[in-house]
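So the structure is just underneath, and the comments pick up after that.
Values in this text are rule-based calculations from the coordinates and carry no lab data. All figures in this text were calculated on a predicted structure; none of them were measured in a lab. No Cβ is skipped: glycine too gets one built from the backbone with ideal geometry, and neighbour counts run over all protein chains shown.
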Amino acid sequence: MAITGTASLAIAEMREFAAFTAAEQRYIRRSLDIGLGRQDAFRLWARDASETVGIRRHYVIYNDLKALRSSIPDPTASEPAEAFIGKLTRIAAFDLAQGRIECFSAFRFLYERLLGPEARPWLPAAFCGAAALPQIEPHNRKMLLQSLSEAAATAPGWSVRRPTFFPEYIDSVAA
């Protein structure tokens, strides 16, 4: 029964990922390769010199992920969360400014995998903070902020279940 439950959760995650745009899917896979150190992102993802520069910037911004993973504050505690939410918002602003993440669902999908389920309570705040920053194009800012549902913004609790589906690079094969 547990295997069936895990399999159905993985299928649900795959369906969610399939609903994202092609640009969101590519960006999520590339970001996971960079953020989780899974692959050489330069070799896999750089199609030209400008993408090589973009990937290098991505690596630099994602340097704080390891520290963030180990410093996720308890959302019910009164401990200060400024350092965590500040760094998370800075990284989120970088991702949103790339113009490839078009909605909160894609953002949440990526960050649940980059940081783990313990970060879920903090994702709506980081997303809103990052999406409202001036470096986000105004039309993108509006689209991003409108993508956050009331249910996601006001959730009374968050799942502690770890994601099971981590999309990876798929090499296109010429027919």
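Say each of SER149 and ALA97 gets a label point 7 Å from the Cα, pointing the same way as Cα to Cβ; how far apart are those two points in nm?
3.1
Label points 7 Å out from Cα along the Cβ direction at ALA49 and GLU82: separation in nm?
Taking the two extended label points, one gets 4.3 nm.
Taking the Cβ of MET143 as the centre, find all other residues whose Cβ is under 14 Å away and add up their charges (Lys, Arg: +1; Asp, Glu: -1).
0
Per residue of region 105-114, what does 6.51 cos²θ - 1.76 cosθ + 1.60 with θ = phi - 60° give for ³J(HN,Hα)? Whole Hz please, x for Gly and Pro, Karplus curve as stated.
Per-residue couplings from phi come out as 4, 5, 4, 4, 4, 5, 6, 4, 7, 5 Hz.
If you bin the C-alpha pair distances of the chain every 10 Å from 0, what whole percents do you get?
Going out from 0 Å in 10 Å bins, the chain shows 9, 36, 38, 14, 2, 0 percent.
How high is the FRET efficiency from PHE42 to LEU9, r the C-beta distance, R0 25 Å, rounded to 0.05?
Approximately 0.15, to the nearest 0.05.
Provide the per-residue ³J(HN,Hα) series for region 42-58, in order, calculated from phi with Karplus coefficients 6.51, -1.76, 1.60 and θ = phi - 60°, each as a whole number of Hz, with x at glycine and proline positions.
4, 5, 7, 10, 7, 9, 7, 4, 5, 5, 4, 5, x, 5, 4, 4, 4
What ranking do 32-43, 151-162, 132-143, 62-73 get when scored by the average of other Cβ atoms within 10 Å per residue, highest first?
In decreasing order of mean packing, 32-43, 151-162, 132-143, 62-73 become 32-43, 62-73, 132-143, 151-162.
Report ³J(HN,Hα) in whole Hz for each residue of region 128-141, in order, from the Karplus equation J = 6.51 cos²θ - 1.76 cosθ + 1.60 where θ = phi - 60°; Gly and Pro get x.
4, x, 5, 5, 8, 6, x, 6, 8, 4, x, 5, 5, 4
Given the options ALA93, ALA106, ASN63, identify the residue whose Cα lies farthest towards the positive end of the charge dipole of the chain (+1 on Cβ of Lys, Arg; -1 on Cβ of Asp, Glu).
ASN63
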